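Structure, as structure tokens:
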Amino acid sequence: MLKNTLFVCFLLLTFIGISQDYFPENHGIKATAKTPILLTNANIQADASTFIEGGSLLIHEGKILEIGKNLQAPKGAVEIDLNGQYIYPSFVEVYSDFAMESVKSATTGKQYEANRKGYYWNDHIRPEQEAKNHFEFNEAEAKKLRKLGYGVVNTHLQDGVVRGTGMLVALQELDNKNKTIIAPKTAQYYGFSRSKQSKQSYPSSIMGMMALMRQFNYDTQWYADGNASETDLAIEAHLENLSLPQIIYAGNYLNVMRSADVAELFEFDFIPIGGGDEYKRISEIKKAFNQIILPLNFPDAYDVEDPYMANYVSLAEMKDWQHKPRNPKYLAEAGLEISFTMQGLKDASKLMKNLRTAIEKGLSKEVALQALTENPAKILGMENQIGVLKEGALANLIITSGELFDKETKIYENWIQGHRNIINEAPFSELEGNYELAFDKEKIEIEISSKKDKLQLKATKDSLKLGTKIDFKSNWLSFMLTETDSSSTQMNRFAALVTSAENEFSGKVFTHEGEIHPFSAKRVSAEDKDDDSEDSQEEKDSEDKENTEEEYLSPITYPNMAYGMPSPNQKSGEYLITNATLITSSDAGTLENHDVWVKNGKIYKIGENLKAKKAEVIDASGQFLTAGIIDEHSHIAASSVNEGGSNSSAETTMEDVINPDDISVYRSLAGGVTTTQLLHGSANPIGGRSAIIKMKWGASPRNMIIEDSPKFIKFALGENVKQSNWGGRERFPQTRMGVEQVYLDYFSRAKEYEKQKASGKYRYDEEMEVLLEIINEERFISCHSYVQSEINMLMKVAEQFDFKVNTFTHILEGYKVADKMKKHGAGASTFSDWWAYKNEVKDAIPYNATLMLNQGLTVAINSDDGEMIRRLNQEAAKSFKYGGISAEEAWKLVTINPAKLLHIDDQVGSIEEGKHADLVLWNHHPLSIYAKAQMTMVEGVIYFSVEKDEKQRNEIQKERNLLIAEMMKAKNKGMKTQPVVKKKERHMHCDTLDDFLFENFSEAHSHQH
Amino acid sequence: MKNLYTTILILLVSFSFAQQKPATAGPTSFILLGGTAHVGNGEVIENSLIQVENGIITKITSANEEQETSTSGQVYDIRGQHVYPGIIAPNSTLGLVEVDAVRATDDVNEIGSFLPHIRSIIAYDAESRIVESMRPSGVLMAQITPRGGRITGTSSVVQLDAWNWEDALVKEDDAIHINWPDRFVKKGAWYDPKVGYKQNEKYKEQVQELEEFFAQAKAYQQADEPKLNLAYQAMGEVFTGDKAVFVSADSPKDILDALEFKRRFNLSNFVIVGGRYAHQVTKELKAANVAVLANRVHSTPEADDDDYDLSYKLPKLLHEAGVLVALENSGQMERMNSRNFPFYAGQVVAEGLSKEEALQLITLNPAKILGIDHQYGSLEEGKLATLFVSAGDALDMQGNRLSLAFIDGRKISLESHHTQLYKKYKEKYEEESEE
């Protein structure tokens, strides 16, 4: 090995020249062709499934000429004997911003329009960005990556929703720049994040980005068909890029699923980059993708030594800690082709460690290698050139001491297109041993050993220990011996050129007196075992012990957190609920001692003394059975609530951003809620579309959405849309007067659009499509509203366009114009007793619901709050106190009335045969403060019951304890831990904005509804 | 045209009613006869007789036993109805903010960290529309408490029917309030859906700061002729035990640290506020004789793993462990929601506490904690007649409908801005339908 190293110097010299190309040279001579190189006697892993023991590899001009056993070196080839070392294809990084200039963050610019001219109307769509225009080779970064085993990276400017193209570059500035850039346009990249280069406020949310991606694709199709009269450089670029692989940075499993929704619509394939938590919804992800790129940044265990602090770590976090390292395995086993990216790995040196962890947790070594080499190469369509060792492929390879994923294995060399880089010098085990050191008149016993590839030195002089330091670099051994006594410190420094490990080496010593003497060190027989090897024995023991101890593996639940369900798709049961008092919310009123037979998710029969042989009997004697509560206005279970980047966001939909991992879903079930409308917030006059969901705890976002869901959209009036309590004064409208004009403008435009559409030649505009649906009464408005003037205004606007406002929500001054609302045909969904949080609710009164009911309106009580949703039964009951309506009317406020408002009263909202079996069993009359939901069923599945809850509480404690023990084990093993952090769910409300908008806003107002 | 006139007329009328007129008459004498008396100490007297003379309850007994009644005042026949002591809302900001979003109406946070000299009472708006909306639910007293800083200021106890703050006073400058340092501080942006907190590296430092302030304030009291320090001066009664110390702390460790603080400074009158996880340290609380104002019943538990009903049952857990506990409701929309105090207590009943014990959580217990139980908090002889009569069970929305309410024996109005608007529009629609 020492010889080999020496040889490198020689070899490198021969490399300086260059083969034929068209670049002018200034080297004096042109005839500098390289000789072929034959690597012999190596264990070659040519690809994940091809292993050549004792193989050879012939390299010339940066490529692999030949690979196999017993290759003969062609004449004039340099032969390197690898002595049984291993060769692997070097790694391929497919998601990187390597050597990209940092983007300039916009500090000025327009807030609502694009800054660019000649490009798409939205600055966050940047397909024209080409990595090559932003590329400046960065040797320091390259060196780091080479050290880890990478040979090439696909790099791009990580900025924007559509980010433009990436390029494939060698991690070595080769003599010819054209070789450094292997392919200038390899893939187009996307992300769920805004461009830093523009202040344009839209999109400000995940749902806005989804909508923007959709509209951009519609516009591209329209443009491609030759409809545009002017040139759009962004779309032009995009059209060109569409033939490339489309890679999207999702960053978490929900965004991975969201990217699938966009891709599905336009029939192309995204290759997503996940967040490591894809295991949470593996079946959906498997359905949508064949390939996925995964990060290797596994979380450290939390430091849970302090039991009080451990309380702050949620079961979800603990479970995630345990399953994230298994994520690659889970996805590979599900049949996805996985690739790894280093992105997100804060400490790059952890790459191998984390890979080994993934393997330890069950990922096959074969797949792990594929994920580093073949698979990313395949994504880029470069599988014959990179990530593989075969004839014609680039000579990108790493030489290692042993099998790649073995703990002890070191990468010795990383060859990039035939260019050899020494990463680690091979260890000098040959040097290890005991020597007698002689110089001048001194005789010292020294012992050289190595630990983790570093030499260590012990020295004794007359049985006195000396201080030592030793280093070996490029064949030069240098060491220092320090003798300390009470009066002085004497340092002698030694240097010797050692090219081979014989029984003796010699060199010069520079003594503490400033003299130079020759020295020699003669090997003597080793005596007893030294301490270090004992140490390592101990280490080994403890490792063995670790491995024998069985790890507790927490089950994956849906969602993967406290109170999760064992499966995402619960089968509905057949139940006979007997002897209950039914509060039907229908004309049947209240029925004593009645039975309800639940079958196939529906209410099959209602009656007395029903017999159902197969049904499980639930004795409800003394209890009250009602239809599930329906919340007309809620913002739980959502990843974002507002797209406030413009004054209309009709193109967005809450269906895009359902987050099933919100504990609020479970807690709502515990409060008897079975259906809710997730409304867009109230940041703008025309908000986004709604998601009407069932509280199917554990189901996927898509499965939570109610079947054949009626179409709704959120509108908003008043202080929030005119940004009275936050924000600047730039966005139109700033007054209620302006709000009216926004509507007139948009609806007029929608009418124009309709005409254009009828002509057959039109640009599909999702926003206009939605507005047209409203005008055509195919989509209903739920309008956030407070004061009477604005309520009246919207009705007049609607009448002008010949449609009705379906629901006014909040509607705290509805009592003042209830007669007008009745005439118009609007319904109302209100708070029971909230008021005084804003100026526009200073006249809000708790009698509102009653007064509106008395005028014949359909009235519901809603929550708009993650806490109040848990006890809407009580809110309904407040109408006893305020207005004194009957119990049956009061109960309808949270069941059949909101069902009517949502146009789902044919399915839910009352106990009637044929309706969904969305049922709640209460221990008291549900309008009593003393009532507690005992069991909540959605479509024949019991998602909550007090017994089940009690059982789960115990299980959560047990599971927590087991996982805390696992974390303690991890800590005791010396693994890194992270300090405990506390996480608290923030209740989302109407005015909860995604991050962007709030960058400029104060915290002073946190929740205004 | 006719409608227009009606509207104008109604508008004129509406200008004329501003806030409800507080009772001008002094303490009266009267008898409540035949109601079910919920005494507030756990006792219930069916068919009761409550005699009030000059504002003081002079007799409370079963009407069956007491046939003769003195006739010094009006006799209210409240058969079939229920009588309760006035509900007390401790740790409240009633009257300090009128409309949340209108900064001009907000007087709750003063600048600075150690503000024992900041007195809530002088900013208390006795004419607040929010305050008047408390009375129809039976909430008749409150401890008005500032919010900002480490020591937020000094609170006072008021009754909720007065012409001005001076008349509202029940107990002036009753306590100082401390926000115990947070072990966790927010990290990342506050608008992140999952609010993340990292451990507060300054925790120890902040506790020390508090301790130093107390040490210096204590020394100040002993100095012969100290240079004036308003903050230290305001601490004098804290060390004599005449002013209570209310400390907001939630986690077990924080509470235990606070108890150690109490011990160090020998603070006899000490109350934990919030105490979301106080049920884990009830032994220590009991041993230290420390009461708890339990975190708002209608709030969501902090951690996903918590029992969904933890906030509902916390007061019960504390009560059953022998800790003196009352309810409080600080947080989002605390002022307007204070009228739901009776229902907070009702919610605890749903968790298994008896109705009479739950009533104590909002009457006698807060009176004890505020040190006004010799006069308020229960329907007992010798106490002031601060009480209300409800058609049904006042802890339940279905029953909480007040027919009468008295503060210190003065009969008070149960009207409010809300009832007026209700009547106004009810009449409008009635008139319209008559046409």
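The values are calculated or read from the model by the stated rules, or taken from the named source; none is laboratory data. All values derive from a computational prediction rather than experimental measurement. Heads up, the Cβs are rebuilt from the backbone with ideal geometry, glycines too, and the neighbour counts pull from every protein chain shown.
Summary table
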| read-out | value |
| --- | --- |
| Entirely in region A:221-311, the helices (runs of 4 or more DSSP H) that have 3 or more residues that are out of contact with any Phe, Trp or Tyr (no Cβ under 6 Å at 6 or more places or on another chain), touching a residue at least 60 places away in the same chain (Cβ under 8 Å) and within 20 Å of A:Leu336 (Cα to Cα) | A:253-266 |
| Number of positions in region A:599-617 that are farther than 28 Å from A:Ser700 by Cβ, part of a strand (DSSP E or B) and under 45 Å from the mean Cα position of the chain (by Cα) | 1 |
| Conditions (1) facing another protein chain (nearest Cβ under 9 Å); (2) crowded, with 22+ Cβ neighbours inside 10 Å; number of the one not met by A:Glu867 | (2) |
| Condition check for B:Val99: surrounded by fewer than 22 Cβ atoms within 10 Å (Cβ to Cβ) and without any contact (Cβ under 8 Å) to a residue 40 or more places away in the chain | yes |
| Region A:432-456: number of residues that are closer than 17 Å to A:Glu504 by Cβ and either aliphatic (A, V, I, L, M) or not in a strand (DSSP E or B) (or both) | 6 |
| Test result for A:Lys932, within 11 Å of chain B (Cβ to nearest Cβ) and at pLDDT 95 or above | yes |
| Qualifying residue in region B:383-395 (condition: within 15 Å of the chain's Cα centre (by Cα) and assigned by TED's automatic domain parsing to the domain that holds B:Ala249) | no |
| Residue in region A:409-429 that is assigned to a strand (DSSP E or B) and in contact with a Pro (Cβ under 9 Å, 6 or more places away or on another chain) present | no |
| Only listed residue being over 21 Å from A:Gly208 (Cα atoms) and at pLDDT 95 or above, chosen from A:Leu678, A:Leu669 | A:Leu669 |
| From the options B:Ala278, B:Ala189, residue that is in contact with a strand residue (DSSP E or B) (Cβ under 8 Å, 6 or more places away or on another chain), within 14 Å of another protein chain (Cβ to nearest Cβ) and either at pLDDT 95 or above or exposed (fewer than 15 other Cβ atoms within 10 Å of the Cβ) (or both) | B:Ala278 |
| Residue under evaluation B:Lys313, criteria (1) surrounded by fewer than 22 Cβ atoms within 10 Å (Cβ to Cβ); (2) touching an Asp or Glu at 6+ places or on another chain (Cβ under 6 Å); (3) within 25 Å of B:Ile176 (Cα to Cα), criterion not met | (3) |
| Residue among A:Leu315, A:Leu294 that is under 26 Å from A:Glu955 (Cβ atoms) and assigned by TED's automatic domain parsing to the domain that holds A:Gly191 | A:Leu315 |
| Entirely in region B:200-289, the helices (runs of 4 or more DSSP H) that have 1 or more residues that are among the hydroxyl-bearing types (Ser, Thr, Tyr) | B:203-222, B:230-233, B:236-240, B:282-287 |
| Residue tally, condition part of a strand (DSSP E or B), within 13 Å of chain B (Cβ to nearest Cβ) and surrounded by fewer than 24 Cβ atoms within 10 Å (Cβ to Cβ), over region A:940-962 | 1 |
| Qualifying position, being in the same structural domain as B:Leu361 (by TED's automatic domain parsing), in contact with a helix residue (DSSP H, G or I) (Cβ under 8 Å, 6 or more places away or on another chain), within 20 Å of B:Leu210 (Cβ to Cβ) and buried (at least 21 other Cβ atoms within 10 Å of the Cβ), among B:Val245, B:Val273, B:Val297 | B:Val245 |
| Residues of region A:974-985 satisfying the condition of being surrounded by 13 or more Cβ atoms within 10 Å (Cβ to Cβ) and over 28 Å from B:Asp250 (Cα atoms) | A:Met975 |
| A:Lys694 vs. criteria more than 21 Å from B:Val102 (Cα to Cα) and touching a helix residue (DSSP H, G or I) at 6+ places or on another chain (Cβ under 9 Å) | yes |
| Residue within region B:347-356 that is within 16 Å of the chain's Cα centre (by Cα) and buried (at least 24 other Cβ atoms within 10 Å of the Cβ) present | no |
| Single match in B:Asp100, B:Asp106 (criterion: of a type in the set (Asp, Glu), touching a helix residue (DSSP H, G or I) at 6+ places or on another chain (Cβ under 9 Å) and farther than 15 Å from B:Ala168 by Cβ) | B:Asp100 |
| Identity of the residue in region B:327-336, hydrophobic (A, V, I, L, M, F, W, C) and within 11 Å of chain A (Cβ to nearest Cβ), that ends up surrounded by the most Cβ atoms within 10 Å (Cβ to Cβ) | B:Met336 |
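Let's see how each residue does on (1) crowded, with 24+ Cβ neighbours inside 10 Å; (2) closer than 19 Å to A:Ala250 by Cβ:
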| site | (1), (2) |
| --- | --- |
| A:Leu168 | yes, no |
| A:Ala183 | no, no |
| A:Tyr189 | yes, yes |
| A:Phe192 | no, yes |
| A:Met207 | yes, yes |
| A:Asp225 | no, no |
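A quick yes/no check of all residues on (1) free of Cβ contacts under 8 Å to residues at least 24 places away in the same chain; (2) in a loop (DSSP other than H, G, I, E, B):
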| site | (1), (2) |
| --- | --- |
| A:Lys571 | no, yes |
| A:Ile577 | no, no |
| A:Ala580 | no, no |
| A:Asp587 | yes, yes |
| A:Trp597 | yes, no |
| A:Leu625 | no, no |
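Yes/no per residue for (1) within 14 Å of chain A (Cβ to nearest Cβ); (2) under 30 Å from A:Asn873 (Cβ atoms); (3) part of a helix (DSSP H, G or I); (4) in contact with a strand residue (DSSP E or B) (Cβ under 7 Å, 6 or more places away or on another chain):
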{"residue": "B:Ser338", "(1), (2), (3), (4)": "yes, yes, yes, yes"}
{"residue": "B:Val349", "(1), (2), (3), (4)": "yes, yes, yes, no"}
{"residue": "B:Leu359", "(1), (2), (3), (4)": "yes, yes, yes, yes"}
{"residue": "B:Ala367", "(1), (2), (3), (4)": "no, no, yes, yes"}
{"residue": "B:His374", "(1), (2), (3), (4)": "no, no, no, no"}
{"residue": "B:Val389", "(1), (2), (3), (4)": "no, yes, no, yes"}
